[in-house]
């Protein structure tokens, strides 16, 4: 859930939303409450740079799953209200036909929301896939997918572009003392691994059935996969700036190129 207070000002309290830029192409992963701010920023960038106007108005949005913290910002994304924008929306965690469109229609309707996606003026295209499919959203960009261990199903992503890669692996749990070899192989030699660090190892036994993992497990997986950088993501809502500073320091002590994610963090690979 979103968590804003004086204790979370520096790391921020919005929920999951990650932008990945591949050249002039923009990929977005998850539509948590952070999507609203990202949408406003994208529209400002478009206004400043006419040369990139066409490509900046072609977006791909990927869902890991549709729990509220990963979909709450969807109706408030400014590019949806720009008729010159083309947006492909991808998901693979549900079953059946038209599952991506069905997910959005079920969310944007009463009593959960007052209007449906018909209010959007952008050109939307709903794209379905199955976990483990390999996707090609735009020329030169390859997106691999992985089924994760989370309630109601969830998908992890790996983006490969121009000899570099980023893995986005959030909302997954683990078994104590048993590394997830699927994740290790999926993230093998990646330039950046973003991983679910909701809990600490000491907290995990009390929350092992909640569908989330620990920042220490993520770091162990990253090191085993020979990842070049590691980003701790999906912080526990009650985690304060002070507590995250400590986690960030502990992570860097073992693996220098580690970060506790904060709003506005930019990592170049």
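Restricting attention to segment 220-254, the residues that are touching a strand residue (DSSP E or B) at 6+ places or on another chain (Cβ under 6 Å) and under 23 Å from residue 163 (Cβ atoms) total 5.
Residues in segment 1-16 that are in contact (Cβ under 8 Å) with a residue 60 or more places away in the chain, part of a loop (DSSP other than H, G, I, E, B) and surrounded by fewer than 17 Cβ atoms within 10 Å (Cβ to Cβ): 4 in all.
Looking at segment 172-182, can you tell me whether even one residue there is part of a helix (DSSP H, G or I), outside the structural domain of residue 67 (by TED's automatic domain parsing) and touching a residue at least 24 places away in the same chain (Cβ under 8 Å)? Yes, segment 172-182 contains at least one residue that is part of a helix (DSSP H, G or I), outside the structural domain of residue 67 (by TED's automatic domain parsing) and touching a residue at least 24 places away in the same chain (Cβ under 8 Å).
Annotation note: of 216, 250, the sole residue that is buried (at least 19 other Cβ atoms within 10 Å of the Cβ) and assigned to a helix (DSSP H, G or I) is 216. In the set (1) assigned by TED's automatic domain parsing to the domain that holds residue 70; (2) over 19 Å from the mean Cα position of the chain (by Cα), residue 92 fails one condition alone, (2). Checked against (1) over 24 Å from residue 2 (Cα atoms); (2) in contact (Cβ under 8 Å) with a residue 40 or more places away in the chain; (3) over 20 Å from the mean Cα position of the chain (by Cα), residue 255 meets all criteria but (2).
The values are calculated or read from the model by the stated rules, or taken from the named source; none is laboratory data. It should be emphasised that the depicted structure is a prediction, and the values quoted were computed from it without experimental measurement. Backbone-built Cβ (ideal geometry, glycine too); neighbour counts: all protein chains shown.
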